[in-house]
Amino acid sequence: MRNLKTTRLVVIRTQELGESDKLITGYSKESGKIQLLAKGAKRSLKRFVNKLELFSCLTVQYNDKYRLPIINWAELLDSFLPLRQRYSSYTAAILICEHLYYWTAANDGDEELFSYLLWFLKELAHQPARSSQFLVLFLSKFYDRLGYRPDLTACAICGKLDNTAAPFAFRIGQGTIICRRCYIKRGAISLALPTIKLLGLAFELPVEKLSRLKLNTQTCREALNLFRCYGRYLLDRDIQAWQALNTAGYPILM
Ligand SMILES: [Zn+2]
């Protein structure tokens, strides 16, 4: 039985396989990104009913003797059902799942990142009206944790950070900001001072205190634009779900 392993995970992607099987991609606390096969998932109602859905948090036992490990049993810890019932919440949760899918690897668990994910899903399920804010706060913690925290402490040229020099422009390639006095270019990723200050707080605050931060629409728009462009540059691809967020009415610059 030494091939049997147990882990806690969030389902970040699902795929039907053939007549009756389901392929689950999860982000797990212990192992990072993990792909598991649920044999007979579409037939065996008792074993897996309503458990292997997107965004569900589960404890699973699986057998890793096979190239594609097979799930033995799954216990549902939280289904985060409201996220599948409201389009705007669904698109936001998909965006975050896609971030985990593309940015994380197998056998590379990160307890901290896992706790950010659970925090995000929980807050989004309970306070859907604040979904843009939770996206910004999650992405701040996410990029910071991956080692890509943008340096927003001051203008990278003159070292100033005050309102007379605002708005600031974010330089994707360097991950730094330049003030209006030092840099004049159309089409830059513009950041007002309150956005910069707020992201600075989000990087520092522990995850359980993040919800205290209140972000207005302009801050959300600027921050989401920053993370979208920065992520696209770092990953060298655009994450599809940003488009869906646009149609769901999020403050996104397309
Ligand atoms: Zn400057």
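Here are some notes:
- Identity of the residue in region 46-74, of a type in the set (D, E, K, R) and touching a residue at least 24 places away in the same chain (Cβ under 8 Å), that ends up farthest from residue 5 (Cα to Cα): 53
- Within region 164-181, the only residue that satisfies the criterion of being within 11 Å of the ligand (Cβ to nearest atom) and either within 23 Å of the chain's Cα centre (by Cα) or on the phi > 0 side of the Ramachandran plot (or both) is 176.
- Region 222-254: number of residues that are over 18 Å from residue 89 (Cβ atoms), free of Cβ contacts under 8 Å to residues at least 60 places away in the same chain and buried (at least 17 other Cβ atoms within 10 Å of the Cβ): 3
- Verdict on residue 49 being surrounded by fewer than 16 Cβ atoms within 10 Å (Cβ to Cβ), aliphatic (A, V, I, L, M), outside the structural domain of residue 206 (by TED's automatic domain parsing) and on the phi < 0 side of the Ramachandran plot: yes
- Residues in region 2-22 that are free of Cβ contacts under 8 Å to residues at least 24 places away in the same chain and touching a strand residue (DSSP E or B) at 6+ places or on another chain (Cβ under 8 Å): 15, 17, 21.
- Subset of region 180-207 (residues that are modelled with pLDDT under 95 and not in a strand (DSSP E or B)): 180, 181, 182, 183, 184, 185, 186, 187, 188
- Any hit, region 128-138, residues being among the basic types (Lys, Arg), assigned by TED's automatic domain parsing to the domain that holds residue 232 and within 16 Å of the ligand (Cβ to nearest atom): no
- The set of residues from region 193-216 being over 19 Å from the mean Cα position of the chain (by Cα), away from the ligand (no atom under 14 Å from the Cβ) and buried (at least 16 other Cβ atoms within 10 Å of the Cβ) comprises just one member, 195.
- Among all residues of region 115-129, there is at least one that is modelled with pLDDT of 95 or more, under 14 Å from residue 33 (Cβ atoms) and surrounded by 22 or more Cβ atoms within 10 Å (Cβ to Cβ).
- The residue pairs whose first member lies in region 158-178 and is of a type in the set (Ser, Thr, Tyr), whose second member is at pLDDT 95 or above and away from the ligand (no atom under 13 Å from the Cβ), and whose beta carbons are closer than 6 Å, counting only pairs six or more residues apart or on different chains, are 176/151.
- Residues being within 16 Å of the ligand (Cβ to nearest atom), loosely packed, with under 13 Cβ neighbours inside 10 Å and either of a type in the set (Gly, Ala, Ser) or without any contact (Cβ under 8 Å) to a residue 40 or more places away in the chain (or both) - total across region 142-157: 1
- Yes/no for residue 33 being buried (at least 18 other Cβ atoms within 10 Å of the Cβ), over 26 Å from residue 228 (Cβ atoms) and not β-branched (Val, Ile, Thr): no
The values are calculated or read from the model by the stated rules, or taken from the named source; none is laboratory data. Please read these numbers as outputs of a predicted model, since none were measured by experiment. Methodologically, a virtual Cβ is constructed for each residue, glycine included, from the backbone with ideal geometry; neighbour enumeration extends over all protein chains shown.
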